[in-house]
1. Could you please find all residues in the stretch 134-155 being in a loop (DSSP other than H, G, I, E, B), within 25 Å of Gln63 (Cα to Cα) and not charged (D, E, K, R)?
2. Pick from the stretch 352-406 the residues that are in contact (Cβ under 8 Å) with a residue 12 or more places away in the chain and basic (Lys, Arg): which of them is nearest to Ala225 (Cα to Cα)?
3. If a residue has to be out of contact with any strand residue (DSSP E or B) (no Cβ under 8 Å at 6 or more places or on another chain), in a loop (DSSP other than H, G, I, E, B) and open to solvent by 40 Å² or more (accessible area, probe 1.4 Å) to count, how many in the stretch 421-439 make the cut?
4. Just give me the residues in the stretch 101-133 being assigned to a helix (DSSP H, G or I) and either among the hydroxyl-bearing types (Ser, Thr, Tyr) or more than 18 Å from the chain's Cα centre (by Cα) (or both), in sequence order.
5. So in the stretch 284-294, with the set limited to residues that are over 16 Å from Leu348 (Cα atoms) and of a type in the set (Gly, Ala, Ser), which one is modelled with the lowest pLDDT?
6. Only one of His173, His224 is of a type outside the set (Gly, Ala, Ser), modelled with pLDDT under 95 and assigned to a helix (DSSP H, G or I). Can you tell me which?
7. Quick check on my filter: what residues within the stretch 211-244 are over 19 Å from the mean Cα position of the chain (by Cα) and open to solvent by less than 10 Å² (accessible area, probe 1.4 Å)?
8. Looking only at the stretch 440-460, how many residues end up being on the phi < 0 side of the Ramachandran plot, outside any strand (DSSP E or B) and in contact (Cβ under 8 Å) with a residue 40 or more places away in the chain?
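The values are calculated or read from the model by the stated rules, or taken from the named source; none is laboratory data. Being a predicted model, the structure only gives us computed values, none of them experimental. Positions of Cβ are generated from backbone atoms using ideal geometry, with glycine treated the same way; all protein chains shown enter the neighbour counts. Side chains included, ligands, DNA and RNA excluded: accessible areas come from the protein's heavy atoms. Shrake-Rupley method; radii C 1.70, N 1.55, O 1.52, S 1.80 Å.
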Amino acid sequence: MPAAPCDSPLEDIEDIVSREDSKPRDRYFSRRSLVPKVRIRHSQTCLQEEDRPPSDSTIPGVQKIWIRTWGCSHNNSDGEYMAGQLAAYGYKITENPSEADLWLLNSCTVKNPAEDHFRNSIKKAQEEDKKVVLAGCVPQAQPRQDYLKGLSVIGVQQIDRVVEVVEETIKGHSVRLLGQKKSNGKRLGGARLDLPKIRKNPLIEIISVNTGCLNACTYCKTKHARGNLASYPIDELVDRAKQSFQEGVCEIWLTSEDTGAYGKDIGTDLPTLLWKLVEVIPEGAMLRLGMTNPPYILEHLEEMAKILNHPRVYAFLHIPVQSASDSVLMEMKREYCIADFKRVVDFLKEKVPGITIATDIICGFPGETDQDFQDTVKLVEDYKFPSLFINQFYPRPGTPAAKMQQVPAHVKKQRTKDLSQMFHSYNPYDHKIGERQRVLVTEESFDSKFYVAHNQFYEQVLVPKNPIFMGKMVEVDIYESGKHFMKGQPVSNAKVYTPSISKPLAKGEVSGLTEEFRYVLENGSRTKVHTSAETLQESWSSRIGLRMLWTLQDGGLKTLSVGLVLLALLVAFFIKTHQ
């Protein structure tokens with residue numbers, strides 16, 4: 001039978017061995033006065049039973065794991081990294097939750113519905129007697145919630161230790177790793193960028209340029225989880241991009257809680273990073289910028305316009321406005337006024353013809369009046385944003401906005417409906433029918449009837465399902481448009497651009513395995529159930545080697561030192577008994 005869960009969660013892997021536990025040396029000296037007793041084996045059957053591992057033993061690294069991720073592209077990138085590490089260690093990543101031994105649930109804390117789905121998934125996993133590991137922003141921001149008690153949790157900056165957490169959870173322990181990564185007292189951006197990962201789409205690489213932000217928005221729960229701004233060095237980001245293109249990626253997404261704030265903590269800025277990245281993008285591949293708040297893009301408008309005009313950068317920018325009322329923005333602590341937002345949009349629309357500006361709006365924020373809301377509706381009517389994310393306000397526990405006087409629920413719902421009607425009253429792509437566009441094909445549509453491509457302005461174009469187009473840049477004639485898409489017919493005899501220098505990885509294939517990782521994996525750490533003592537010992541030797549390699553690469557000297565001390569004691573014991 002499986003081991004029972006611990007009464008209290010472990011704060012770290014090392015807590016499995018406490019100071020009060022007897023050490024190997026103590027146990028050895030306490031038995032020196034004992035006289036060994038000869039054991040008589042009565043039959044071969046007894047010998048076979050001795051060699052067989054106990055029925056409640058568990059061999060980590062052979063189980064099936066189902067990973068579910070909610071939320072933003074940053075969260076999706078974290079999920080890809082966790083999947084890659086687990087697969088590299090030998091676990092099988094499955095898309096079928098019912099056949100999985102363990103569920104890894106990667107949560108989002110932006111809105112109540114996302115957390116509700118997360119909570120319901122935990123309940124379902126427990127009902128189906130699945131092992132559970134929790135990740136993402138919900139447990140990081142509120143680790144003491146009742147429904148998280150007794151469950152293993154891995155923090156957003158600790159995803160490089162997911163294998164350890166999964167191993168201990170499978171053994172029946174409850175482990176919590178929620179600490180921040182630091183170097184010389186300075187907070188780091190998070191786990192290393194060169195870890196193994198499994199891309200959800202082998203053609204798209206999501207790169208987190210930084211974690212956290214500089215703001216303190218009164219409605220935001222993500223800040224509680226991701227913390228203050230911490231940026232990755234430019235050279236590490238460029239190296240990750242290069243590696244991605246070598247693995248067949250044709251589109252890179254830069255993501256973070258606020259891309260525009262990149263570098264302010266390490267003495268650089270976003271334009272400097274982008275110019276370095278542009279240098280390594282091969283012909284036929286594209287770069288998409290992530291969300292940026294107005295205050296930080298204002299500082300670099302001229303340079304950003306030049307970058308967005310580059311042929312290998314999508315002329316697309318996501319700039320959340322949230323409200324067109326200055327009084328509401330002040331209550332939100334957004335650190336800009338509506339005039340700042342308009343200045344950014346107007347400048348970019350003038351300097352980058354055809355640019356797509358996506359934005360977000362919150363309906364029914366505490367204190368929002370009818371006039372405040374009408375100002376927001378007017379903004380949408382004037383700018384006719386082709387991409388608009390409309391969110392009904394949800395008070396998140398622990399945020400200042402949750403303590404404010406709330407707008408009645410029926411009013412929030414009606415405002416959300418009214419704004420949605422305004423958004424759907426215009427078609428942003430009708431005037432593009434008849435145009436010839438070059439598009440990059442990267443995925444299949446939800447209904448599986450088309451391939452999905454994007455043009456220079458990151459507008460969605462549906463093309464016929466011809467396998468030769470996938471991952472390629474092709475020319476199409478636009479013949480139809482809808483609210484969120486256009487349809488294009490490939491031009492006959494048109495050139496098809498192949499951007500990558502390598503064939504894309506297969507779906508589910510692990511990216512980023514270094515030669516060291518491959519060597520350890522190829523010498524015994526494959527997913528295999530070993531039946532004999534000798535092969536079992538060989539398997540675990542190679543697994544220990546892989547663990548030590550990861551520990552060394554991450555600088556986790558604490559775990560390594562404990563392991564080396566125990567190993568030294570065992571060696572000393574062996575020598576002593578054979579003298």
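1. Gly150, Leu151, Gly155
2. Filtering first and then ranking leaves Arg396.
3. Summing the residues that are out of contact with any strand residue (DSSP E or B) (no Cβ under 8 Å at 6 or more places or on another chain), in a loop (DSSP other than H, G, I, E, B) and open to solvent by 40 Å² or more (accessible area, probe 1.4 Å) in the stretch 421-439 gives 2.
4. Asn112, Pro113, Asp116, Arg119, Asn120, Ser121, Ile122, Lys123, Lys124, Ala125, Gln126, Glu127
5. Ranking the qualifying residues of the stretch 284-294, first place goes to Gly284.
6. Matching residue, one of His173, His224: His224.
7. Asn215, Thr218
8. 3
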